[in-house]
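No lab work stands behind these numbers, since they all come straight from the coordinates. From a predicted model like this one, the values you see are computed outputs, not experimental measurements. For neighbour counting, all protein chains shown are included, and Cβ atoms are generated from backbone atoms with ideal geometry for every residue, glycine included.
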Amino acid sequence: MRTRLLGTVVALVVLLLVGLGFPLGRGLAAADQQEVFLDRLTDTSRFASVAQRPFIDDQPDVVTSELKRYEELYGIKVALLSRESVVVASSSPVDLSAPAVSDMVGGALAGRQPSAPELFMPWDTDDLVLAEPVLVDGEVRGAVVTFSPTAKTRTRVLVAWGVLVGIGLLALALAVLAALPLVEWMLRPVRRLDEATGELLGAVVSGRPVPPVGSSSGPPELRRLSRSFDQMAANVTDVLAAQRAFVADASHQLRNPLTALKLRLSNLEGHVLPDAVEHQTAALEEADRLNRILDELLVLAREESASVAPVAVDLDRTVAGRLTAWQPAAAAKGVHLVLDGEPGGAVLATVRGAESVLDALLDNALKFTGEDTLVHVDVRRGDTAVTLTVRDEGPGLPEADLERAFDRFWRSPAHQNVQGSGLGLALVRQIVERVGGSVRLKAPAGGGLTVVVVYPAA
């Protein structure tokens, strides 16, 4: 935006300089040409007056020596013509065949006085030609033609134009130098707003306070916009904080009545009618499911509200520890946990965040993987990131449902009978993106589901 504003200022200054400089340049050229024209017209008139007596005496060639001395002094050719357009005396040979010259000579022999020529430019190399009639008692007896070189005039015009261009460039440079602080002053609130907008999402997601823009300089409209943005960011932060607090408080408060409910249902063991045993068992299962949902909600609320900065975590040790912890559960289902890849080293993650991610991914993989199948855990280290991949051999998900799987409480219609709350992948994304990582799902060609987690390398 700074470049565009400076470009606008430069364009306006250039238009102003061109609008003023072009007429001024033409005016300087015209004034110089007018001065030369009047000077040459005076000399031409003098030669026309001097030539009267030679024409009366029918001896026009007597002025030849004077014409030659004039050319030697000033470099201007002079020719004396008869009424028949024949050169009767000249300082040096002249060419009268050019259309402009012949027209001017014809006008002089017709008794017309010379007029100012059209404005010539520095790139016009033709001589300035003037023709004036020689009058004797009001009768045209001949004409005097002068051929004045214009090199000096053109040089003076070029120098004047060069000075104008130099002044214009200097004015342009001064305008840019003057515009720079003005543009900086105007854009300072915009730059702060841009930075604050980029920080807003990360601050809100990680639970950090949003730094205020607080612009005290710049145009009044942008200062008001900065204050409105600060108010909006504060409101968003308050609303999300209240939402997280509500989720955490509600989850915590529901645990006690839920525990009491499970205890009462368990105490009914052996005291219900045979045909109601099935309903008692189903109620206990639903209570367990509700308890798991509350546990995941508590974990999610803690992750969202935590403001601890990421720390370096040994991913290899974390993966090895969680695979060991999940090995009994995998063996009970006949599932084999396989570790592939290479040492990943240290990654940036929250405290216990990498463990929570692996627990959620392995829990999902074991839920949907059948007996005598494999769950592959792969670690790869790159230049700036470490990739953790968990792939199962279960039914997988359609391509259209891969992104929806990260929605809270969303479950695929094909997996409604599988235990779960639909919060696992949402929790994984929350934890990973909080430290600047990313998570994506893939449907491999061989079936199953692949979860790719990318951590920033420490």
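See the values below:
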item: Phi-based couplings in Hz for the range 50-56 (Karplus 6.51, -1.76, 1.60; Gly and Pro marked x); result: 5, 6, 5, 5, x, 5, 5
item: Contact order normalised by residue count of the range 308-458, Cα under 8 Å, 6+ apart, percent; result: 26
item: Asp401-Leu5 FRET efficiency (beta carbon distance; Förster radius 45 Å; 0.05 resolution); result: 0.45
item: Estimated FRET transfer efficiency when R0 is 51 angstrom, pair Leu180-Arg112 (beta carbons, to 0.05); result: 0.30
item: Contact order normalised by residue count of the chain, Cα under 8 Å, 6+ apart, percent; result: 10
item: Cα centre as origin, Lys/Arg/Asp/Glu Cβ charges: the range 308-458 dipole, Debye; result: 360
item: Value of [θ]222 nm, deg cm²/dmol, for the chain, DSSP H segments ≥ 4, -39500 (n - 2.57) each, nearest 500; result: -19500 deg cm²/dmol
item: Inter-site label distance for Ser92 and Ser65 at 7 Å from Cα along Cβ, in nm; result: 2.1
item: Separation in nanometres of the label points that stand 7 Å from Cα toward Cβ, at Val165 and Arg227; result: 5.2
item: Cα gyration tensor shape for the range 134-191, rounded if a/c is under 1.5, else prolate or oblate; result: prolate
item: Cα gyration tensor, the range 320-416 - rounded (a/c under 1.5), prolate or oblate; result: oblate
item: Reported label for calculated Kirkwood radius over Cα pairs in Å given (1) 25.0; (2) 31.9; (3) 22.8; result: (2)
